[in-house]
Amino acid sequence: IVVNNAGVNLENESWRTTIMVNVIGVIEGTKLAEKYMSKTSGGRGGVVVNVASTAGLTPVFFMPVYVASKYSVVGFTRSVAMNPDVGRSGLRFVCLCPGFTDTSLLSSGLKSEGISGNKLVEELLTSTGINTVEFVVEGFMQLLLTDDNNGGVMVVTKQRGIRYHGRQRKVNKL
Ligand SMILES: NC(=O)C1=CN([C@@H]2O[C@H](COP(=O)(O)OP(=O)(O)OC[C@H]3O[C@@H](n4cnc5c(N)ncnc54)[C@H](O)[C@@H]3O)[C@@H](O)[C@H]2O)C=CC1
Ligand SMILES: CC/C=C\C[C@H](O)[C@H](O)/C=C/C=C/C=C\C=C\C(=O)C/C=C\CCC(=O)O
């Protein structure tokens, strides 16, 4: 199992770092997993979970760079999963998209300039709710333990629960 989870939200302080960590980090991690885990190169197969966000599925006006980074993670993961060689590799590639979750990333983000005290941000948080970490772990475990979900994008929000985004397609089982 490889989980590409590290992420930052440095919209104002350092947007390039946001892209480096959230996009390049996930791509590097996925490529390393392919290299060492693929059955076609002597590995045993397995699962790669790339952590995106609901901000990778819907626009959010106050953090466009973070949104761009998470849309990238979703598009990248789904594209890798569609590769016709994926069946032979014994790998599956899935994406976890939590909504707002009670961690230090959220608490520090909410203190930042332009976000702190913004009524529209408060309204969004009230409407979507805030996940506990334990609830996101439930979604994560479902994603991990389901073995025919290659390309699956799982959304976890307090408001609407745990579910796959869009129609889940079974792809490229060779
Ligand atoms: N908290 C939230 O509301 C949500 C978070 N996410 C995503 O979940 C993932 C985990 O975030 P949280 O646990 O919330 O935040 P967090 O700030 O508590 O944890 C992020 C972790 O990433 C690590 N990290 C950051 N830059 C790194 C680097 N260059 N190299 C190695 N490690 C690095 C940090 O040390 C930290 O342990 C991130 O990808 C985040 O974007 C997704 C949706 C909602
Ligand atoms: C200040 C915020 C700081 C950090 C938060 C994290 O970066 C987190 O990743 C950001 C999440 C932002 C979410 C924004 C909007 C959420 C909307 C919804 O939950 C509902 C809309 C779409 C979900 C997609 C679907 O229904 O399939």
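Residues in segment 18-28 that are surrounded by 13 or more Cβ atoms within 10 Å (Cβ to Cβ) and either in a loop (DSSP other than H, G, I, E, B) or out of contact with any strand residue (DSSP E or B) (no Cβ under 6 Å at 6 or more places or on another chain) (or both): Thr18, Ile19, Met20, Val21, Asn22, Val23, Gly25, Ile27. For segment 55-114, taking the residues that are polar (S, T, N, Q) and within 12 Å of ligand 2 (Cβ to nearest atom), the one that is modelled with the lowest pLDDT is identified as Ser112. Is it the case that Gly109 is buried (at least 18 other Cβ atoms within 10 Å of the Cβ), under 25 Å from Asn9 (Cα atoms) and over 15 Å from the mean Cα position of the chain (by Cα)? The answer is yes for Gly109.
Yes or no, residue by residue, for (1) free of Cβ contacts under 8 Å to residues at least 12 places away in the same chain; (2) touching a Ser or Thr at 6+ places or on another chain (Cβ under 8 Å); (3) farther than 21 Å from Thr157 by Cβ:
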| position | (1), (2), (3) |
| --- | --- |
| Thr54 | no, yes, no |
| Pro59 | yes, no, no |
| Tyr71 | no, no, no |
| Arg78 | no, no, no |
| Val94 | no, yes, no |
| Ser104 | yes, no, no |
| Ser107 | yes, no, no |
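The values are calculated or read from the model by the stated rules, or taken from the named source; none is laboratory data. No experiment lies behind these values; they were computed from the predicted model shown. All Cβ positions, glycine included, derive from the backbone under ideal geometry; neighbour counts span all protein chains shown.
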